[in-house]
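Peer 1: A single structure is presented below for examination.
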Amino acid sequence: MVEFKREWDIFTSGHTACAGCGAALAIRTIMRAIGKDCIVVNTTSCSEIFSACFPRSAWKVPYIHVTFENGASVASGVSRALKAQGNNHTKVVVIAGDGGTADIGFGALSGSWERNEDILYIMYNNGAYENTGIQRSSQTPLYAWTTTSQIGKEIRGKQEPIKPMVKIAAAHGIPYAASASAGYLLDLENKVKKALNIQGSRFIDVLSPCVPGWKYDPQLTVEVAKLAVETGLWKLNEIENGDIQNEKITVQPNFKPVEDYLKLQGRFKHLTPDEIKYIQARVNKDWKR
Amino acid sequence: MVKTLEGSHAIAEVVVNCEAEVLACYPITPSTHIAEKLQKFYADGKIPEYITVEQEFSAISALAGASAAGARTFTTTSSQGVALMHEVLYATAGMRLPIVMCVANRSLNSPLGIWCDHQDIMPERDSGWIILMCESNQEAVDTLPQAYKIAESLLLPVMVCIDGFYLTHAVEQIDIPQKEIIQKFLPKFKPEFKLDSENPVTLGIYSTPEFLQDFREDIAKDVDNSREPIKKTEEEFSKIIGRKYGNGLIENYKCDDAERVIIAMSSFCGNIKEAIDELREKGEKVGLLRIKSFRPFPYEDVRKIIEGKKHIGVFDRATTLGGYPPLYTDVLASVYDSKLAKKVSISSFIGGIGGKDVTVEDAKNIFKSLKNKKIKREFV
């Protein structure tokens, strides 16, 4: 049993995240792992709104937010400024949501990867534009309801699967790309610590359940985040130096039925048995079962 | 040091002499040669960091990060590049980041054109950036060190604008302010607040309606109050380099006894001056009021010059569709609250759009049409 110490917290309590927020849980863990010698670049997102609303701040480390889509470029500038000043110890970390990362900020992110900027980029992935009221992003899962992937007579939820960000990161040949979950905090912490000791671009995609967006009981955040992994729907992996052939699975799923995960969430409540079967078949194919 | 070189290369040299530390550039005509030359200086180890970003949006964003981390920064762009930066230009001013950027002015699509006009910066006039319009390459290289001084002392970003091609691609003799001279004038950049893990600060916050207007009021006052510091900076630097361009905000070219005056910005002013010299030989009382600082706009100086004149012609190298053009509107605002508004006719001329040449002859024609009392609003 690890003793909990308040002073570890760099991302402090008192912020205004929803009860049961997966992102807040993940960020607290990430920041504990990183420690005080860092600069956080945040993008416009839930996390910005609930942590840095004037005149309060939840951050005990230097923090900057500029716009929605430029986390990777702002961090590039911070990183180069530190280099110009001969500072080779302060870590530059981006904390950004999935919309700001995989959609509107993707060009900037891809550019930073191509240049192999010395940045640890963490995407907390709650699978939608949750901050603005649950609109679909490229990280919204197949068939999920959002306010812009509605359930209608003709179309039922999001018609496209998630854009695979870890694979895309790895395809850039960056030193480290990994996927984590707010349900596996030790695995997340290990990945952050490992990434901190690597030079160049590092990317971690952290599944972070969202109570209002996913529509589940707030006390089930960890359970939902765990079930995503146990069912095989969310893969906990690491890919180093773009070597996709040697992808490492850090937590082996026990392949509970996907229904166990889907049935806890209101965003999937419209699914038919056939649709659930199709999602299960996709998982089986993905894991070659 | 006097050299014969392209305007773009002169700009690049003075950026090095200003000891900019982090650069982020994306090539776009006609600013590209500045970015290229600076990249060569980086390759030669004369610039600490140069980020070859994938778009202008990232260029200005990277500088936001670098400037917040305490580095002196520089970028250059034109036209669509300025437009792509738009969102971040407002953000950087609001965050009080003293970034300096050289804009090689060019038209905005559509139709697509690569040549000069001032349309690209007009959407940015309300951003909080100080906008300085240079007539010549010599003025531009003498303005850049001032831009850093103004930016870093007032914590406001500064745009130094030069006309695309007319200046960027002109090869001429230019006296480049040397590092030793600039160092005497421009102290090292040491911001009071920066991103530093020893002294954490939260920058770029979110604000509720309770506070947001206060932030806007603060920056509005500071931009308004930047007129005097801009004048003082010009005064100070002109003593060091022995060259002077008006009072830092405006240049008065033979206006004092003039009856007819053109108000304009940037390189066309060279042609206007030539026209004035020729017309004055024939006894015509004509003059030029050149606007150097488009933001903050020198309302007081403009009003003082207009006082006693009969006819004013404002030349805009940009359009406001569905409204009066930008410079014209500001000139009208300069006289609105005074009695002289009734005593003077102020006409509007739009020209030089998309690189359409505006010549000495065009300037003479504007002066000629100003003899007529009727207020004109027309394209040249």
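The values are calculated or read from the model by the stated rules, or taken from the named source; none is laboratory data. Please read all numbers here as calculations on a predicted model, not as lab measurements. Note that each Cβ is placed from the backbone with ideal geometry, even for glycine, and that neighbours are counted across all protein chains shown.
Peer 1: Could you list, ordered by first residue, the pairs with Cβ atoms under 8 Å in which the first is in region B:307-336 and free of Cβ contacts under 8 Å to residues at least 24 places away in the same chain and the second is among the aromatic types (Phe, Trp, Tyr), at least 6 apart or interchain?
Peer 2: B:LEU332/B:TYR324
Peer 1: Are there any helices (runs of 4 or more DSSP H) wholly within region A:1-93 with 2 or more residues that are farther than 15 Å from A:ILE122 by Cβ, and if so which? Walk me through it before giving the result.
Peer 2: Details: elements: A:22-34, A:46-51, A:71-84.
Fully inside region A:1-93 and qualifying: A:46-51, A:71-84.
Peer 1: Next question. Return a yes/no flag: does region A:59-79 have any residue that is more than 18 Å from the chain's Cα centre (by Cα) and more than 9 Å from every other protein chain (Cβ to nearest Cβ).
Peer 2: No, because not a single residue in region A:59-79 is more than 18 Å from the chain's Cα centre (by Cα) and more than 9 Å from every other protein chain (Cβ to nearest Cβ).
Peer 1: Related question: On the basis of being within 14 Å of chain A (Cβ to nearest Cβ), surrounded by 13 or more Cβ atoms within 10 Å (Cβ to Cβ) and hydroxyl-bearing (Ser, Thr, Tyr), does B:THR233 make the cut? Step through it out loud before you land on a result.
Peer 2: Working: within 14 Å of chain A (Cβ to nearest Cβ): no; surrounded by 13 or more Cβ atoms within 10 Å (Cβ to Cβ): yes; hydroxyl-bearing (Ser, Thr, Tyr): yes.
In short, no.
Peer 1: I'm checking my understanding of the structure. Among residues of region B:45-61 that are more than 7 Å from chain A (Cβ to nearest Cβ), surrounded by fewer than 23 Cβ atoms within 10 Å (Cβ to Cβ) and touching a helix residue (DSSP H, G or I) at 6+ places or on another chain (Cβ under 6 Å), which one is nearest to A:ASN70 (Cα to Cα)?
Peer 2: B:TYR50
Peer 1: Among the residues of region B:193-230, write down those that are part of a loop (DSSP other than H, G, I, E, B), under 19 Å from B:ARG96 (Cβ atoms) and either at pLDDT below 95 or within 11 Å of chain A (Cβ to nearest Cβ) (or both).
Peer 2: Applying the first criterion (part of a loop (DSSP other than H, G, I, E, B)) to region B:193-230 yields B:193-201, B:204-205, B:207-208, B:225-226.
Subsequent filtering for residues that are under 19 Å from B:ARG96 (Cβ atoms) retains B:193-196, B:199-201, B:204-205, B:207, B:225-226.
B:PHE193, B:LYS194, B:LEU195, B:ASP196, B:ASN199, B:PRO200, B:VAL201, B:GLY204, B:ILE205, B:SER207 - these are the residues of region B:193-230 that are part of a loop (DSSP other than H, G, I, E, B), under 19 Å from B:ARG96 (Cβ atoms) and either at pLDDT below 95 or within 11 Å of chain A (Cβ to nearest Cβ) (or both).
Peer 1: From (1) within 20 Å of B:PRO191 (Cβ to Cβ); (2) within 7 Å of another protein chain (Cβ to nearest Cβ); (3) buried (at least 24 other Cβ atoms within 10 Å of the Cβ), pick out the condition that doesn't hold for A:ALA108.
Peer 2: Every condition holds for A:ALA108 apart from (1).
Peer 1: Turning to a different aspect of this structure: For the condition assigned to a strand (DSSP E or B) and either more than 19 Å from the chain's Cα centre (by Cα) or of a type outside the set (D, E, K, R) (or both), what is the one hit in A:ILE239, A:ILE198, A:ILE162, A:ILE174? Quick ask: steps written out before the conclusion?
Peer 2: Values: A:ILE198 fails: assigned to a strand (DSSP E or B); A:ILE162 fails: assigned to a strand (DSSP E or B); A:ILE174 fails: assigned to a strand (DSSP E or B).
Unique residue meeting the criteria: A:ILE239.
Peer 1: Further question: Check B:ALA35, B:ALA20 and return the single one that is surrounded by 22 or more Cβ atoms within 10 Å (Cβ to Cβ), touching a Pro at 6+ places or on another chain (Cβ under 8 Å) and at pLDDT 95 or above.
Peer 2: On the way: B:ALA20 fails: touching a Pro at 6+ places or on another chain (Cβ under 8 Å).
None of the others qualify; the one that does is B:ALA35.
Peer 1: Go through region B:248-335 and tell me which strands (runs of 3 or more DSSP E), entirely inside it, have 2 or more residues that are hydroxyl-bearing (Ser, Thr, Tyr). Don't jump to the end; show me each part of the working.
Peer 2: Numbers: elements: B:250-253, B:260-264, B:286-291, B:293-295, B:311-316.
Counting at least 2 such residues, we get no strands (runs of 3 or more DSSP E) at all.
Peer 1: Evaluate the following for A:LYS83: is it over 19 Å from B:LEU23 (Cα atoms), surrounded by fewer than 21 Cβ atoms within 10 Å (Cβ to Cβ) and within 7 Å of chain B (Cβ to nearest Cβ)?
Peer 2: Numbers: over 19 Å from B:LEU23 (Cα atoms): no; surrounded by fewer than 21 Cβ atoms within 10 Å (Cβ to Cβ): yes; within 7 Å of chain B (Cβ to nearest Cβ): yes.
Here the answer is no, as A:LYS83 does not meet what is asked.
Peer 1: Of B:ILE11, B:ILE99, which residue is touching a helix residue (DSSP H, G or I) at 6+ places or on another chain (Cβ under 6 Å) and within 14 Å of another protein chain (Cβ to nearest Cβ)? Reasoning before the result, please.
Peer 2: Values: B:ILE11 fails: within 14 Å of another protein chain (Cβ to nearest Cβ).
Among B:ILE11, B:ILE99, only B:ILE99 is touching a helix residue (DSSP H, G or I) at 6+ places or on another chain (Cβ under 6 Å) and within 14 Å of another protein chain (Cβ to nearest Cβ).
Peer 1: Separate question: Which numbered condition in (1) within 19 Å of the chain's Cα centre (by Cα); (2) more than 13 Å from every other protein chain (Cβ to nearest Cβ); (3) farther than 23 Å from B:PRO145 by Cα; (4) among the hydrophobic types (A, V, I, L, M, F, W, C) is the only one that B:LEU112 fails?
Peer 2: Condition not satisfied by B:LEU112: (1).
Peer 1: Could you tell me how many of the residues in region A:18-39 are away from chain B (no Cβ under 14 Å), buried (at least 24 other Cβ atoms within 10 Å of the Cβ) and among the hydrophobic types (A, V, I, L, M, F, W, C)?
Peer 2: The number of residues fulfilling the criteria is 6.
Peer 1: Have a look at B:ILE375, B:ILE346, B:ILE353 and point out the one that is crowded, with 16+ Cβ neighbours inside 10 Å and touching a strand residue (DSSP E or B) at 6+ places or on another chain (Cβ under 6 Å). I'd like the intermediate steps shown before the answer.
Peer 2: Working: B:ILE375 fails: crowded, with 16+ Cβ neighbours inside 10 Å; B:ILE353 fails: touching a strand residue (DSSP E or B) at 6+ places or on another chain (Cβ under 6 Å).
Answer to the selection: B:ILE346.
Peer 1: Please determine whether any residue of region B:103-126 is out of contact with any Ser or Thr (no Cβ under 7 Å at 6 or more places or on another chain), aliphatic (A, V, I, L, M) and farther than 25 Å from B:PRO326 by Cβ.
Peer 2: no
Peer 1: Then there's this: What is the number of the single condition among (1) buried (at least 17 other Cβ atoms within 10 Å of the Cβ); (2) more than 22 Å from the chain's Cα centre (by Cα) that B:ILE291 does not meet?
Peer 2: Answer for B:ILE291: the failing condition is (2).
Peer 1: Among the residues of region B:96-116, write down those that are surrounded by fewer than 23 Cβ atoms within 10 Å (Cβ to Cβ) and of a type in the set (A, V, I, L, M, F, W, C).
Peer 2: The answer is B:LEU108, B:LEU112, B:ILE114, B:TRP115.
Peer 1: Scanning for something buried (at least 21 other Cβ atoms within 10 Å of the Cβ) and assigned to a strand (DSSP E or B), does region A:224-231 turn up at least one residue?
Peer 2: no
Peer 1: When you scan region B:65-96, how many residues do you find that are part of a helix (DSSP H, G or I) and over 20 Å from the mean Cα position of the chain (by Cα)? I'd like the intermediate steps shown before the answer.
Peer 2: From region B:65-96, those part of a helix (DSSP H, G or I) are B:65-68, B:79-94; that's our starting set.
Going one step further and asking which of them are over 20 Å from the mean Cα position of the chain (by Cα), we end up with B:65-68.
Qualifying residue count, region B:65-96: 4.
Peer 1: Next up: Inspect region A:48-55 for any residue being in contact (Cβ under 8 Å) with a residue 24 or more places away in the chain and crowded, with 23+ Cβ neighbours inside 10 Å and give the result as yes or no.
Peer 2: Yes, region A:48-55 has at least one match.
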